[in-house]
Amino acid sequence: MNVEDYLKESLKDHKLHLTLLDPEEQSPEKAVEIAKEAVTGGTDAIMLGGSTTNSNELDATAKALKENIDVPVILFPGNISGVSRYADAILFMSLLNSTNPYWITGAQALGAPTIKKMGIETIPMGYLVVEPGGTVGWVGDAKLIPRAKPDLAAAYAIAAEFMGMKLLYLEAGSGAGNHIPAEMIAAVKKSSDIILIVGGGIRSGEEAREVAAAGADIIVTGTVVENSSNIHQKISELVQGIRSA
């Protein structure tokens, strides 16, 4: 079963939690240790990437994860360097609200031939950065979606669906003070049939429950794992919150 089908089949049973790891934040050995704790805590897959990922660090970490965990390893590229032959799939994404064509189609065109040669499964995804946006908003030249304008996010979601994208990712930014507003999540979910991913600013089981209850199909957390002294316990808390929704 490919990764896209794995996600769809899993969603028939429960909403999903994905753990995001940045190869620059820890050694490959430490990444495996974190991932194993996350998997036993209930996470459904590991996402791998960052805004300034080094390709050598990415390769080493992806290879180590692939050899040591049983859930999919999914690339979440911050640029054309965010590609590794050792991963199971790549989120082939377009930053829809960037003001720079490079992040909408340019990087994608540069990276596509390499990805095709590697034979990595691609999952087309629209990426939408919402205030405050964090590093990815700055790096990606994003015209940030105002938190009080859910209709703008919904319009982008419809456009992403019409363009054939399988996923839409609403991103508040790594380490955001607050998660995407529930009203925006609900508006996006109501507007289209696209699978909705939400990340940024989700730190507790209750916040994960709120995001899932508003309509998110997949919840991504990253910073909270980096800052946790008990990864298994924290992931279990988040997963229980998501599934209670």
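The values are calculated or read from the model by the stated rules, or taken from the named source; none is laboratory data. Values in this document were obtained by computation on a predicted structure and should not be read as measured data. Here the Cβ is made from the backbone with ideal geometry for all residues, glycine too, and neighbour counts use every protein chain on show. Heavy atoms of the whole protein, side chains included, go into the accessibility calculation; ligands, DNA and RNA do not. Shrake-Rupley method; radii C 1.70, N 1.55, O 1.52, S 1.80 Å.
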Filter result (under 16 Å from the mean Cα position of the chain (by Cα) and of a type in the set (A, V, I, L, M, F, W, C)) within the stretch 1-38: V3, L7, L11, L16, L18, L20, L21, A35, A38
In the stretch 62-83, the residues that are open to solvent by less than 50 Å² (accessible area, probe 1.4 Å) and in contact with a Lys or Arg (Cβ under 9 Å, 6 or more places away or on another chain): A62, I69, V73
Restricting attention to the stretch 128-145, and to residues there that are over 25 Å from D193 (Cβ atoms) and out of contact with any Ser or Thr (no Cβ under 8 Å at 6 or more places or on another chain), which single residue is surrounded by the fewest Cβ atoms within 10 Å (Cβ to Cβ)? W138
Go through the stretch 72-109 and count every residue that is among the aromatic types (F, W, Y) and touching a residue at least 40 places away in the same chain (Cβ under 8 Å). 1
Subset of the stretch 196-230, residues open to solvent by 30 Å² or more (accessible area, probe 1.4 Å) and either closer than 12 Å to L16 by Cβ or not in a loop (DSSP other than H, G, I, E, B) (or both), comes to E206, E207, R209, E210, A213, T223, E226
Subset of the stretch 169-190, residues surrounded by fewer than 19 Cβ atoms within 10 Å (Cβ to Cβ) and touching a helix residue (DSSP H, G or I) at 6+ places or on another chain (Cβ under 6 Å), comes to G175, A182, E183, A186
What's the total number of residues in the stretch 28-61 that are open to solvent by 50 Å² or more (accessible area, probe 1.4 Å) and closer than 29 Å to G205 by Cβ? 6
